[in-house]
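For reference, the structure is listed below as structure tokens.
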Amino acid sequence: MIGGGPAGLMAAEALAGAGHGVILTEARPSLGRKFLMAGKSGLNLTKSEDMDRFRAAYAEAAPHLAPLLDAFGPAEVCRWAEGLGQPLFTGSTGRVFPVAMKASPLLRAWIARLAGLGVTFRTRWRWTGWEGEAWAFDTPDGAQSVKARVTVLALGGASWARLGSDGDWARLLAARGIGLTPFAPSNAGIALDWSAHMTPHFGAPLKAVAFRAGDITSRGEAVISAAGLEGGGVYPLTPAIRRGLPLTLDLAPDLDAEALARRLGDPGKTTLTTHLRKLRLSPVALALAMEWGRPLPRDARGLAQRLKALPVPYRGTAPMDQAISTAGGVPFAALDGDLMLKDLPGTYCAGEMLDWEAPTGGYLLTACLATGLHAGRAAARRLVTDRPS
């Protein structure tokens, strides 16, 4: 088992729970570092919603992930967390959190369970390739190698390198002839160049708006930063931003253009800034109207249309290492139905290193757990069917 994040820990639990000896290696000094970072914002474990809608959140990867999510979806994630002594609650949007609102109690209980199952942990063990048929590692005690009958790789994506997800594993698999999809940022901020007019608004939240790009519409909060826009309201737009599709901002998403025009009325001799205050826009929304809407039409209909579709002149996404997650990695075409690499029998892949992406809101962690469990169970079955005589 290589990788000590949620997917790796879940695969280890499946293997050890089936009675097999497990060595889990992790390059960083401790387990679950990115998991703990996610917990700083409340640890959104999963989302309680209709399963058809839940599966659809995985877009192109949904056909591959659907059977795994059916076996270990939101209901199963909740039972699993509660089994580790973590009471949960469901927020108004369906997002599920531990009552403790942090990851550390759950992670401690999980590691204790795995230790009780006999899992051996090896931290500061960085996988460096192969030594013959053995897996090679750089460790505090020098070069080490481990020969294993099955191996689950759960090495993460390529964002938040300081927490362990540096994507360095890609070159090792590529050297063995595994075709990979290039990494790309997912759930990332939007990079923008601001005029000095916006400087006073850095750090301000932007609420009650909608973003649209391609066939994606996202409503949610964003934060103005010196680098651009960040937050849950813009993260779902990343696939469209990567393709360079036009992005617009709707400052009045609850009104259609006609209703908005009626509310605006004739500005008369008032300034546009004073006129816009009739809409009770927040200071940051008003600033964005002036930043991106100029020249603003003075007639009510034209002004309403502009406010409903402000063009956002983005430069691209924030750097990949700042993204919450990444797309790219091991494509499903390189794997069989058990998530085993077709060209490396006995080697399975799970978690963010697979080529899938999903929005924030519990989808990311649920799929990491589901793929880890699926790979671990498949590896356990192989150990039984290929048992030496």
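Computed values, structure above
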quantity	calculated
From Asp299, Asp343, Asp338, Asp321, residue being free of Cβ contacts under 8 Å to residues at least 60 places away in the same chain and either closer than 28 Å to Gly156 by Cα or aromatic (Phe, Trp, Tyr) (or both)	Asp338
Residues that are buried (at least 21 other Cβ atoms within 10 Å of the Cβ) and farther than 29 Å from Met37 by Cα, drawn from segment 136-163	Val150
Test: residue in segment 240-250 that is surrounded by fewer than 18 Cβ atoms within 10 Å (Cβ to Cβ) and of a type in the set (A, V, I, L, M)	yes
Yes/no for Thr46 being under 16 Å from the mean Cα position of the chain (by Cα), of a type in the set (Val, Ile, Thr), crowded, with 19+ Cβ neighbours inside 10 Å and at pLDDT 95 or above	yes
Condition broken by Ala210, with the remaining ones in (1) among the small types (Gly, Ala, Ser); (2) closer than 15 Å to Leu192 by Cα; (3) buried (at least 16 other Cβ atoms within 10 Å of the Cβ) satisfied	(2)
Test: Glu352 is under 21 Å from the mean Cα position of the chain (by Cα), of a type outside the set (A, V, I, L, M), in a helix (DSSP H, G or I) and on the phi < 0 side of the Ramachandran plot	yes
Residue count, segment 210-221 (criterion: of a type in the set (A, V, I, L, M) and at pLDDT 95 or above)	2
Sole residue being out of contact with any Phe, Trp or Tyr (no Cβ under 9 Å at 6 or more places or on another chain), surrounded by 14 or more Cβ atoms within 10 Å (Cβ to Cβ) and not polar (S, T, N, Q), chosen from Arg126, Arg113	Arg113
Enumeration of residues in segment 29-43 that are in a loop (DSSP other than H, G, I, E, B) and crowded, with 20+ Cβ neighbours inside 10 Å	Leu31, Gly32, Leu43
Which listed residue is in a strand (DSSP E or B) and surrounded by fewer than 24 Cβ atoms within 10 Å (Cβ to Cβ), from Gly361, Gly328, Gly337	Gly328
Segment 141-163: number of residues that are free of Cβ contacts under 8 Å to residues at least 12 places away in the same chain and within 21 Å of the chain's Cα centre (by Cα)	1
Restricting segment 262-280 to residues that are at pLDDT 75 or above and at positive phi, the residue that is surrounded by the fewest Cβ atoms within 10 Å (Cβ to Cβ)	Arg280
Residues that are without any contact (Cβ under 8 Å) to a residue 60 or more places away in the chain, surrounded by 12 or more Cβ atoms within 10 Å (Cβ to Cβ) and either closer than 21 Å to Met10 by Cα or β-branched (Val, Ile, Thr) (or both), drawn from segment 86-99	Gln86, Leu88, Thr90, Phe97, Pro98
Cβ pairs under 6 Å, 6+ apart, first in segment 109-131 and free of Cβ contacts under 8 Å to residues at least 60 places away in the same chain, second assigned to a loop (DSSP other than H, G, I, E, B)	Ala109/Leu84; Ala109/Gly85
Some residue of segment 364-379 being crowded, with 21+ Cβ neighbours inside 10 Å and in a loop (DSSP other than H, G, I, E, B)	no
Of the criteria (1) among the small types (Gly, Ala, Ser); (2) in a loop (DSSP other than H, G, I, E, B); (3) in contact (Cβ under 8 Å) with a residue 24 or more places away in the chain; (4) under 23 Å from Phe97 (Cα atoms), which one Gly21 fails	(4)
Residues of segment 294-342 satisfying the condition of being more than 32 Å from the chain's Cα centre (by Cα) and among the small types (Gly, Ala, Ser)	Ala300, Gly302, Ala304
Members of segment 131-148 found to be farther than 19 Å from Arg28 by Cβ and out of contact with any Lys or Arg (no Cβ under 8 Å at 6 or more places or on another chain), listed by number	Glu131, Gly132, Ser145, Lys147, Ala148
From Gly118, Gly156, Gly164, residue being modelled with pLDDT under 95 and touching a Gly at 6+ places or on another chain (Cβ under 9 Å)	Gly164
Lone qualifier among Glu82, Glu60, Glu49, Glu76 - being of a type in the set (Asp, Glu) and within 19 Å of Gly8 (Cβ to Cβ)	Glu76
Filtered residues of segment 30-85 (kept if on the phi > 0 side of the Ramachandran plot and either hydrophobic (A, V, I, L, M, F, W, C) or outside the structural domain of Gly351 (by TED's automatic domain parsing) (or both))	Leu43, Ala59
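The values are calculated or read from the model by the stated rules, or taken from the named source; none is laboratory data. Note that the coordinates shown come from a computational prediction; the quantities given were computed from them, not determined experimentally. Positions of Cβ are backbone-derived with ideal geometry, glycine not excepted, and every protein chain shown enters the neighbour counts.
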